[in-house]
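K.L.:
Here you go, one structure.
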Amino acid sequence: MSNTAIDKYFEALTESYDAIIEAIRSGNERGYRISTNLLTEAQKGQREAVELGKKFAEDPSDVGGFYRAAMESTTKAQGRALELARQMFDEMSESRSEAREAIERVVKAQRSAGEAAIEAARDVAGTTAERVRTGVNRVATRGKETAAPAASGAATE
């Protein structure tokens, strides 16, 4: 069997596994980015809620000031929610692109592995056929060599 066919086969398998691992790694990193941003935004919202509570506790009679602070906090929360939604859409789009690329790499690698396996099988079949021919020729030659003295001995008797 040809070493190049074997090498091609295992290189193709390695490429396939690398593509899958890279896709998993990218997904993991994407999930980390999303969860980190979600946590950061939740902390901001929590701090704003505490500040709003402090503002009310400092002067419960300042209804106008509390209303303005509540509206500002609500506006910031809406902005954060919109930014998180935008990030999710961006990440989903990136995820689709990466998944498509990974699938293309896996398919290409599997095609290469299949071609290498066929090449290796042909090499094995060719080598086996050659060995069978050589063995048949040896047996035939030995048979002729054995048959010739036996035939000449039978003719003399």
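K.L.:
Specify the residue that is surrounded by the most Cβ atoms within 10 Å (Cβ to Cβ); the eligible residues are those in the range 48-68 that are outside any loop (DSSP other than H, G, I, E, B) and either touching a residue at least 24 places away in the same chain (Cβ under 8 Å) or of a type in the set (Asp, Glu) (or both).
P.N.:
The selected residue is Glu48.
K.L.:
To continue, here is another question. So which residues in the range 90-110 are farther than 15 Å from Gly27 by Cβ and free of Cβ contacts under 8 Å to residues at least 60 places away in the same chain, if there are any at all?
P.N.:
Scanning the range 90-110 gives Glu104, Val107.
K.L.:
Right, here's the next one. Report whether or not Glu83 is more than 30 Å from Ala19 (Cβ to Cβ), modelled with pLDDT of 85 or more, assigned to a helix (DSSP H, G or I) and of a type in the set (D, E, K, R). First the steps, then the outcome.
P.N.:
Values: more than 30 Å from Ala19 (Cβ to Cβ): yes; modelled with pLDDT of 85 or more: yes; assigned to a helix (DSSP H, G or I): yes; of a type in the set (D, E, K, R): yes.
Judged against the criteria, Glu83 is a match.
K.L.:
Further question: Any chance the range 1-8 includes a residue that's modelled with pLDDT of 90 or more and loosely packed, with under 14 Cβ neighbours inside 10 Å?
P.N.:
no
K.L.:
Which one of the conditions (1) assigned to a helix (DSSP H, G or I); (2) at pLDDT below 90 does Met71 fail to meet, given that it meets all the rest?
P.N.:
(2)
K.L.:
Additional query: Please go through the range 90-111 and give me each residue that is basic (Lys, Arg) and under 24 Å from Ala5 (Cα atoms), ordered by number. Give the derivation first.
P.N.:
Let us first name the residues in the range 90-111 that are basic (Lys, Arg), namely 96, 100, 105, 108, 111.
Across the range 90-111, the qualifying residues are Arg105, Lys108, Arg111.
K.L.:
Out of everything in the range 1-38 that is closer than 30 Å to Arg80 by Cβ and free of Cβ contacts under 8 Å to residues at least 24 places away in the same chain, what residue ends up being farthest from the chain's Cα centre (by Cα)? Write out each step before concluding.
P.N.:
In the first step, residues of the range 1-38 are kept if they are closer than 30 Å to Arg80 by Cβ; the result is 23-38.
With free of Cβ contacts under 8 Å to residues at least 24 places away in the same chain added as a condition, the list becomes 24-25, 28-29, 31-32, 35-36.
Working: Ile24: 6, Arg25: 9, Asn28: 12, Glu29: 14, Gly31: 16, Tyr32: 18, Ser35: 22, Thr36: 24 Å.
Ranking the candidates gives Thr36 first.
The values are calculated or read from the model by the stated rules, or taken from the named source; none is laboratory data. Note that the structure is a prediction, hence the values are computed from the model and not measured. Positions of Cβ are generated from backbone atoms using ideal geometry, with glycine treated the same way; all protein chains shown enter the neighbour counts.
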